[in-house]
Amino acid sequence: MECKECGPLLSRAVDGELDAAQRANMEAHLQACAACSRERDNLVALRSALKNKALSFAAPEELKARLRAQAAGQAQQGAPRRPSVPWWRGLAAALVCLGLASWSFAHFTAQSEQSVLAQEVVGAHIRSLMASHLSDVISTDMHTVKPWFAGKLDFSPLVTDFPEKEFNLVGGRLDYLHGRAVAALIYKHRQHVINVFTWPADTNVSNALTAKNGYNVVNWRQDTMEFWMVSDLNASELAELKALIQQKDAR
Amino acid sequence: MSTFGGNRTDAFERVVLPHLDAAYTLARWLTRNDDASDVVQEASLRALKFVDGYRGENGRAWFLSIVRNTCYTWLKAKNSAEAEPLLEDALPAGASSPEALVMKEIDIQLLRAAIEELPVEFREVIILRELQELSYEDVARVAGIPIGTVMSRLARARGRLVERLTRQNSRSSHGM
C-alpha cells in the first residue's frame, strides 16, 4: 500500500471499518511511513478529544416542559367538550392573563437587553478565538497595553494583571460591541482564554452571571464603566477574577 | 397501522424524550444559535404528527433525521450561507504536511471553535459520528446521504479539524 491509498483509508481505520486484508496492508505501510503514522496518531488523538462531554449539551428543562405541554395539548384535541363555565370566571381568567402578559412583557424586555448583549459578547469571544485574532497588542505588561488604546478609543480602559493568582494578561484588542468601539483585555488562566470587554457604562443591564452556548458570561458595573467577561472557565473562578478587578479603580 | 393508537403524550415519551439531549446537541451545533430549542420544538411537533408512520426500528435515527431536516429548513429560511451546497474542498483527505504536529493537549475551546468553523455538511457528520456515536449506516440515514459520502465527509472533516488544531498549536508555540 502507498501513501496515496493509505491516506483516504485512515479515517475508516480509526473507526474500525476496514476488513482484515486492508488492515494488514495498512499496518505494513504504517510501519514504514512516518507521515501516515503521524496522521493516524493525530486522528486517534482527535477522536479522543471529541469524546469530551463539554461538547455535548443537555436539553434545557424549560424545553422539556414546553414539549410535554405541546404533546399533551395535541392529545386533548380529541377529548370531549368541557362543561360550560360561568361567564364571570372567564372574565376573571382573562384579566389575570392580561396582567401576567404585561408583567412578562416588561420583565422580558428588560431581560432581553442583557440576553442580546450576552449573545453579542459570546460571539465576539468565539470570533477572537477562531480567527486567531486574540490580541492586537501582544504584551503581558499592562503598562504597554494600556497606552496602546490611547488614540484608538475615546476612553482609557482599566488594564490589570494578576500573575500571582494565575490570571495572566496576554494582550489587548479593539472590538466592536453594543454599537460602539470597546476594549478587550485578554487573560489566560491555565488553558482557558478569558475576554474582558470594557467601555463607559451605557446600558440598563444589572450585574449578572449567565451562560450562553456553553460559555459563562459575567457582567458588572464598576466606577461608571461596563465590564463583560466571557470564558469557558467555570463560574466560580471567573468570580475570582471579577473580585480581583473590582479591587482596582476603573476610572 | 398506528403504533401508539393516537395517544400523543405516550408517543412523546417513547419517541422524542429518550433522544432529547442528542436532538438538542445536534440542533445547537447545526444552527450555532439560541434557536436550537425552537428547532427541536418544531421537530418534536413533526415527529408526533408522523409517528403513526413510524415502524419502530431505530427511534434515535428516526427522530434525529427529523431534527436534522428541521435544522436545514431553518438554515435555508434564515438565508444562511450555510445552506449553500458544499464547495469542492481544496485540501485532499489525508494530506499531512511535513510539519504536522502530534496533538498532545487539545484545547477544548479551540476544538469547539474548529468544529463551529466547519461547513455544515462536515460538522453534521462529526457530531453524529463522534458525539452521538451513530454507526456509519445511521449517520447515512440521519443525514440522508449514501454511506460512501459519510466516509469521505468524515475523512475530510477530521482532516480539517486536525489541520486547524495543529496550525493553532504551531502558532501558540510562537507566542500567539
Sorted from fewest to most neighbouring beta carbons within 10 Å, what does the list B:T9, A:T224 look like? A:T224, B:T9
Mind checking which aspartates and glutamates have their C-alpha under 15 Å from A:K53, skipping anything on the same chain fewer than 8 residues away? A:D232, B:D21, B:D107, B:E130, B:E133
Return the lysines within reach of A:K146: Cα separation strictly under 19 angstrom, same-chain partners fewer than 8 residues apart disregarded; answer none if there are no such residues. A:K188, A:K242, A:K248
Normalise the Debye intensity by I(0) for region A:115-161, one equal point scatterer per Cα, no solvent, then take log10 at q = 0.16, 0.23, 0.33 Å⁻¹ and round to two decimals. -0.60, -0.97, -1.02
Once label points are set 7 Å from the Cα along Cα→Cβ at both A:R190 and B:E133, what is their separation, rounded to one decimal in nm? 2.5
Hey, could you get me the Stokes-Einstein D for region B:1-76, Kirkwood radius over alpha-carbon pairs, 37 °C and 0.692 mPa s, rounded to whole µm² s⁻¹? 266
Restricting attention to the alpha-carbon atoms of region A:111-217, what are Rg (one decimal) and Dmax (integer), both in Å? 13.6, 38
As straight-line cross-link partners of B:K78, the qualifying lysines (C-alpha separation under 22 Å, not fewer than 8 residues apart within one chain) are A:K212
Sticking with the crude label model, points 7 Å out along Cα→Cβ, report the distance from A:Q22 to A:A54 in nm, one decimal please. 3.4
Going by how many other Cβ atoms sit within 10 Å of their own, how do A:D249, A:D141, A:D175 line up, fewest first? A:D249, A:D141, A:D175
By count of other Cβ within 10 Å, fewest leading, how are A:E237, B:E57 ordered? B:E57, A:E237
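Throughout, read-outs are computed from the coordinates displayed, never taken from laboratory work. None of these values were measured; they are calculated from a predicted model. Glycine also receives a Cβ, built like all others from the backbone with ideal geometry; neighbour counts cover every protein chain displayed.
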